[in-house]
Amino acid sequence: MPRTDSAERATTPLTAAERETVILIDDASGVASIATHQRRIITKLERNPAARKIEDLTHGSQPGARYEMPARLVSFRRPSPSRPDAARNLPKRSA
């Protein structure tokens, strides 16, 4: 396989699998660190006054950033059961 230099790799767009969001929360600091290359998540964090951008992770033309915010403001929600397609999108529970 031919080697590519870092300049060439930086212009290669990220694949769908590489455009991920990683959330790190520890009990000691009470701070959540969020690293993402997903445009939708970046937009939500930019609009959130509690989120502070601490690092630019842009890869070529693909935006990316790392943010910090109070961990108590991070929540994980299930889809609303009132939506007809919500149950179909839920993961199957193991018995």
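The values are calculated or read from the model by the stated rules, or taken from the named source; none is laboratory data. For clarity, every value in this text was computed on a predicted model and none was experimentally measured. Note that we place each Cβ from the backbone using ideal geometry, even for glycine, and neighbour counts take in every protein chain shown.
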Per-region count, the stretch 23-60, residues part of a loop (DSSP other than H, G, I, E, B) and in contact with a Gly (Cβ under 8 Å, 6 or more places away or on another chain):
3
Just the residues that are within 23 Å of T11 (Cα to Cα), at pLDDT below 95 and of a type in the set (A, V, I, L, M), please, taken from the stretch 42-77.
L57
